[in-house]
Amino acid sequence: MNDKNTNINEEYLEIFQQLICEQLARAELLKEGSSFTDYAQADKITVGIIPGDGIGPVIMTETVNVLEKLLADEIKSGKIELRPIAGLTLENRVAAGETVPKVVLAAIKECDVLLKGPTTTPDKNSGLPNLESANVTLRKELDLFANVRPVSIPELGIDWTFYRENTEGEYSLGSKGIVISDDLSVDFKVTTTAGTERIARAAFEFAKANGKSRVSIVTKANIMKKTDGKFLDLCYRVAKDYPDIKTDDWYVDIMAANLVNPDIRADFQVFVLPNLYGDIITDEAAQIQGGVGTAGSANVGAKYAMFEAIHGSAPRMVRDGIADKANPASIMKAAVMLLRHIGMAEKAAKLDSAVNLASESLNMSGTADGNSAADFSAIVMKHL
């Protein structure tokens, strides 16, 4: 090995050592655990409203209009506050040189739950700074370890709920990979005992509380033996505490095929997955339901929870001057999940039904001849 290679190895070994030390410290913190917020005991619940980028302000405006009508009594009494949070836009993030500007993060942490529109992450060829995904940063800063996505298609017998680990895996160090040379780049994947056990327990607790009889673990443990293998083993360890629930495991590529297999897909109920696989599989599931624009997403931790649309900011629609044609169904479905989370099940059911009626009656194609976000919210409010 020549001197040049020796110097490179020493430089990157130092970086790698620093990453390992950071993750070991995080693993120790996770062991301490924390108690979940009891919203039933809260005198006031503050809902942070984050419009986001692109079509985000359009769909969020209509969603807030709906919530202000649905929650009029609770807002008037002071039980609920819908608090706008400005500044989580690509322009502001680039100007600040921060994925989530400190002043914005401070405002977010003053809220109990968040309703968030889509935010843009600069891609490699954008010419913008290498900012991490705002979602990834918020999940880590607020310790939102569980990404929960329900997919329901009654006519196909499908009733799925996905529990995706949200703070580890490939995404946890996504901006800290190393470009060693023109010929070699390295990224990292993280799996901790406490991080895996808590997402597994969340999935099994959901199954137990909702009368579900099956939890399916999805990994690539045959290839990623240290990280996915650990995830799989720990999920089975947690499963022993739930003997009445059937537990099985699948490789992620096979599960991707299972979800489009009409002979077996309705048999699945609850899934627990590492971060990257959960991201991909839940988008596939949403597409089966009718597209990523039709599903909401919850990101849940002990203290905070964030609810969002699962689609992107649709810059094409903004460029084409048709942002007003954006479909707000996904962010309204996220609002349904938010209401359930804070204990307002009846309000959630009413909103869910109204959103379904609007989706069935309008042409939300996202094109110039389609219905608008305002048309959608008008139908929703009519049925509240």
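The values are calculated or read from the model by the stated rules, or taken from the named source; none is laboratory data. Just so we're clear, the structure is a prediction, and the values are computed from it rather than from any experiment. Reconstructed Cβ throughout: ideal geometry from the backbone, glycine too, with neighbour counts over all protein chains shown.
Descriptive notes on the structure:
- Candidates Leu128, Leu105 - the one that is surrounded by fewer than 20 Cβ atoms within 10 Å (Cβ to Cβ) and under 23 Å from Ser34 (Cβ atoms): Leu105
- Any hit, the stretch 266-275, residues being farther than 29 Å from Phe36 by Cβ and either in contact with an Asp or Glu (Cβ under 9 Å, 6 or more places away or on another chain) or surrounded by 18 or more Cβ atoms within 10 Å (Cβ to Cβ) (or both): yes
- Test: residue in the stretch 238-246 that is of a type in the set (Val, Ile, Thr) and in contact with a Leu (Cβ under 7 Å, 6 or more places away or on another chain): no
- Comparison of Gly33, Gly54 shows that the only residue that is touching a Ser or Thr at 6+ places or on another chain (Cβ under 8 Å) and either at pLDDT 85 or above or within 28 Å of Arg340 (Cβ to Cβ) (or both) is Gly54.
- Looking only at the stretch 112-142, and only at residues there that are in contact with a Phe, Trp or Tyr (Cβ under 8 Å, 6 or more places away or on another chain) and at pLDDT 90 or above, the one that is nearest to Glu197 (Cα to Cα): Leu142
- The number of residues in the stretch 354-381 being under 19 Å from Asp73 (Cβ atoms) and surrounded by fewer than 19 Cβ atoms within 10 Å (Cβ to Cβ) comes to 1.
- The single condition among (1) modelled with pLDDT of 95 or more; (2) assigned to a loop (DSSP other than H, G, I, E, B); (3) closer than 19 Å to Pro51 by Cβ that Asn371 does not satisfy is (3).
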